[in-house]
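What follows is a short report on a single structure.
The values are calculated or read from the model by the stated rules, or taken from the named source; none is laboratory data. These figures come from a predicted structure and were not determined experimentally. Don't worry about glycine lacking a Cβ; one is built from the backbone with ideal geometry, like all the others, and counts go over all protein chains shown. Calculation scope for accessible area: heavy atoms of the full protein, side chains included, ligands and nucleic acids excluded. Shrake-Rupley method; radii C 1.70, N 1.55, O 1.52, S 1.80 Å.
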Amino acid sequence: MNSTLNSTHDASRQSWIPAANDPAGDFPLQNLPTGVFHTPAQPAPRVGVAIGDQVIDLAAAGAAGLLPPSVAAACDAPDLNAFMALGPVAWSALRARLSELLGADTCPPGAQQSAVATCLVPITEARMLLPARIGDYTDFYASIFHATNVGRMFRPDQPLLPNYHWVPVGYHGRVSSVVVSGTPVRRPNGQTLPAEAKSPRVGASQQLDYELELAAFVGPGNALGSPIPLARAEENIFGVCLLNDWSARDIQSWEYQPLGPFLAKNFATSVSPWVVSLEALVPFRTPALVRSAGEPAPLPYLASDANQARGGLDLRLEVFLLTPRMRRAGIPPHRLSSGNFSSMFWTLAQLLTHHASNGCNLRPGDLLGSGTVSGPDPDSRGCLLELTTRGRDPVALPGAETRAFLEDGDEVIFRGFAQKPGCARIGLGECRGVVLPANP
Ligand code: MN
């Protein structure tokens, strides 16, 4: 099964695709993330797996008889939903087979390697699309550091609301505006109540922000009315990607009471195109965040020894900013923050189990955002709202620029990876988006 170490994790194994053996690369033989792509020559969307600087076209590999038949049928599709629905036995079978077909030791030069090579597309030619037809998108609030920092700005007396330690708080997001990395993001217009104004104005948001998040794609899911116990939660997580929950803070602070985020967030949500399986991340499991003395234990349906022992993920998540002036001056993107997913208060399994606990049905391809990933250190704060304390302390950029919030032309770049001695580096790739000016 996909929760234990096996030969697909062996860091000593190399691929016959040279770029996959770059120790600083995102997509070594041990990763094998799935995505959906097309090319100018072949415009129909297809499922692929990234390996080094190549993508293996799974429809082509299936047609060539290289894949297990059940997996091949599900992957001969314009999205990953059918494969997500198959569950972890099938996911593991594909991973094991690709590890064999792409391994230098298991697939030496010869007829089989040549057959695989005909299924490869250079990654630079692949135009990435959304990995799935996303039916529903939910965004959580699982970092206690983010919740506390944000709460302190709005409620200094009571930063953390009393339900936080008990309920994995979330809201239902919007699917129609979920876009793949690289899609430009238009600054929203909206209602805001400027400081000291008596009535609201309407116009371009002046406080556009990003939120650094990890997202999970749901696997088989559950029937309506049938919860998912915590022990089975991870069987229902197909994999993870980066997510940018673009947020207009001025619109948000005026509209959010009493029903929560609405137009401040649903104008765009970006996701990275490659979905990294939990199996690829097995070497990077960590204990769930240990609650401090005085913090209540989770209720029984959200608690287990296994979740506490290995519910977390040692995934480094970084935010970079590239302004138009930096781009013109040839200055590389500047790192604004660096955090780690192991600092989250709720694990992905707890988020999924809580979501289904009332019988709400989760379906293959549903998207669950973690909430902004912020840690205890100031440089691990995953949005500008926190980094600049609501714009009061702008961040300094190379070239004597500063930013309180995002300006037109700014490009936000998220990167994520897992790395430690003795293991292959597992990269999530990038989630990028350039801010376009608001419509007049
Ligand atoms: Mn969010």
Going by the structure shown, is residue 160 within 16 Å of residue 34 (Cα to Cα), open to solvent by 30 Å² or more (accessible area, probe 1.4 Å) and in contact (Cβ under 8 Å) with a residue 12 or more places away in the chain?
no
Looking at segment 178-200, is at least one residue modelled with pLDDT under 95 and either of a type in the set (Asp, Glu) or within 16 Å of the ligand (Cβ to nearest atom) (or both)?
yes
Based on this model, can you work out whether residue 163 counts as away from the ligand (no atom under 16 Å from the Cβ) and not charged (D, E, K, R)?
yes
Run down 352, 299, 322 and say which single residue is in contact (Cβ under 8 Å) with a residue 40 or more places away in the chain and within 20 Å of the chain's Cα centre (by Cα).
352
Got a number for residues in segment 206-227 being away from the ligand (no atom under 16 Å from the Cβ) and either farther than 30 Å from residue 357 by Cβ or among the basic types (Lys, Arg) (or both)?
1
Please work out if residue 412 is in contact (Cβ under 8 Å) with a residue 40 or more places away in the chain, within 16 Å of the ligand (Cβ to nearest atom), open to solvent by less than 40 Å² (accessible area, probe 1.4 Å) and over 23 Å from residue 144 (Cα atoms).
yes
Determine whether segment 387-397 contains at least one residue that is within 16 Å of the ligand (Cβ to nearest atom), open to solvent by less than 40 Å² (accessible area, probe 1.4 Å) and over 20 Å from the mean Cα position of the chain (by Cα).
yes
Checking the condition among the basic types (Lys, Arg), under 20 Å from residue 239 (Cβ atoms) and touching a strand residue (DSSP E or B) at 6+ places or on another chain (Cβ under 6 Å), which residue from 46, 13 passes?
46
Enumerate the strands (runs of 3 or more DSSP E) found wholly within segment 163-204, keeping only those where 2 or more residues are touching an Asp or Glu at 6+ places or on another chain (Cβ under 8 Å).
170-172, 189-192
Starting from residues that are in contact with a strand residue (DSSP E or B) (Cβ under 8 Å, 6 or more places away or on another chain) and assigned to a helix (DSSP H, G or I), keep the ones in segment 228-252 and report whichever is farthest from the ligand (Cβ to nearest atom).
236
Given the residues 399, 365, 433, 422, which is the only one that is outside any loop (DSSP other than H, G, I, E, B) and not hydroxyl-bearing (Ser, Thr, Tyr)?
433
Residue satisfying all of: in segment 353-362; assigned to a loop (DSSP other than H, G, I, E, B) and touching a helix residue (DSSP H, G or I) at 6+ places or on another chain (Cβ under 8 Å); nearest to the ligand (Cβ to nearest atom) among these:
362
Could you check how many residues of segment 365-379 are closer than 27 Å to residue 154 by Cα and either surrounded by fewer than 24 Cβ atoms within 10 Å (Cβ to Cβ) or away from the ligand (no atom under 16 Å from the Cβ) (or both)?
5
Can you name the residue in segment 225-263 that is touching an Asp or Glu at 6+ places or on another chain (Cβ under 6 Å) and open to solvent by less than 40 Å² (accessible area, probe 1.4 Å) and is also farthest from residue 349 (Cα to Cα) among such residues?
249
